[in-house]
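Reviewing the structure listed below.
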Amino acid sequence: MQCFNRVTTVFLSAAFVLGANAQKINAEIFIPISNRSEIWLKPKTDTIENQKSYEFRIRVSPEFKISQFLFEKGLAVHNDSVLVITANSTKYGSLDTATLRVIVTSTTGSRIMLFQKQFIVHVPERIFPVISNPHTNLMKLNDKIWLERNRPYPKSMFIQSQPFVAMYDNEVNLNAYKVTGVVISLHEKEGRQMVSKGDTISMEALTELKKIKHPTAVHIKVDALQGKNRKSAWNRIIIYDE
């Protein structure tokens with residue numbers, strides 16, 4: 001029976017028959033895919049880009065057939081003599097390795113071999129998706145808590161000391177505006193607007209907010225400057241008593 005060198009780089013689990021008693025011994029055989037007579041893979045590419053598809057021509061000698069492909073950290077698709085691999089590494093901003101393994105069986109079924117080829121994967125820095133329709137005129141309480149439209153917030157956030165409101169242009173750039181005024185209006189007291197001439201909520205508004213016992217719609221208007229341009233935006237939130 002033919003034997004293989006144990007110092008090569010791809011493994012195969014197999015059973016060998018030794019001696020008259022036909023004793024089976026499990027072993028690992030390492031077979032590189034390069035420069036083999038049983039299998040060909042072209043082109044001889046060793047370095048690939050992450051998440052980019054590469055097409056190879058792969059063939060085996062007539063007495064063998066391809067049984068299965070295994071490609072770690074990616075995808076391998078085989079169609080006739082064409083193999084397409086796509087690496088998918090999460091090792092962003094550095095180099096990674098990915099191994100292609102090919103299980104080959106003899107046409108008679110008497111022999112199984114596993115070949116492998118290791119690729120170096122170049123993984124660029126992670127690129128976050130661009131928001132196509134970003135939210136604009138975003139408001140923040142005390143520059144810590146985003147005030148999202150129609151979301152509920154506990155009353156305690158608004159009545160401890162004297163909170164201030166910050167505003168940003170959109171969720172992509174997050175450029176801060178200079179806030180010049182804050183107006184608070186409770187839905188239950190429509191028409192009454194409590195105005196502050198700075199970025200803080202007025203004491204009059206705080207007095208009314210402290211009276212809230214049930215979930216109440218509160219409208220917040222922010223006047224701001226972006227350079228010399230004036231900007232005004234309204235937001236509606238729900239304030240409840242804890």
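Values in this text are rule-based calculations from the coordinates and carry no lab data. Every value quoted in this text rests on a predicted model; they were computed, and no experiment measured them. A quick note on method: Cβ atoms are made from the backbone with ideal geometry, for glycine too, and the neighbour counts reach across all protein chains shown.
Counting only pairs 8 or more residues apart or on different chains, how many lysine pairs in the range 136-240 have their Cα atoms under 14 Å apart?
Value for the range 136-240: 12.
Can you tell me the dipole magnitude for the range 136-240 around its Cα centre, using point charges on the Cβ only (Lys, Arg +1; Asp, Glu -1), in Debye to the nearest 20?
In debye, rounded to 20, the range 136-240 gives about 120.
What does the highest-first list of 120-133, 89-102 look like by mean Cβ count within 10 Å?
So the peptides 120-133, 89-102, ranked by packing, come out 89-102, 120-133.
Over 31 Å apart: what share of the alpha carbon pairs of the chain falls there, rounded to a whole percent?
Tail fraction, whole percent: 55.
Rounded, prolate or oblate for the range 24-150? Axes are the square roots of the Cα gyration tensor eigenvalues, ordered a ≥ b ≥ c, and the cut-off for rounded is a/c under 1.5.
Prolate is the answer for the range 24-150, as a/c is 1.5 or above and a/b outweighs b/c.
I need Thr200, Thr108, Thr45, Thr207 ordered by Cβ neighbour count within 10 Å, fewest first.
Thr108, Thr207, Thr45, Thr200
For the range 223-242 and the range 119-171, what is the separation of their C-alpha centers, rounded to whole Å?
Value for the Cα centre distance between the two parts: 14 Å.
What is the set of long-range amide H partners of Gly181 at a cut-off below 5 Å, with H atoms built 1.01 Å from backbone N?
Amide H neighbours of Gly181: Asp223.
Sort Ser53, Ser110, Ser185 so that the residue with the fewest other Cβ atoms within 10 Å of its own Cβ comes first and the one with the most comes last.
Fewest to most other Cβ atoms nearby, the residues stand as Ser110, Ser53, Ser185.
Sort largest first and round to whole Å: the equivalent ellipsoid semi-axes of the range 138-242, each the square root of five times a Cα gyration tensor eigenvalue.
Gyration-tensor ellipsoid for the range 138-242: 22, 14, 12 Å.
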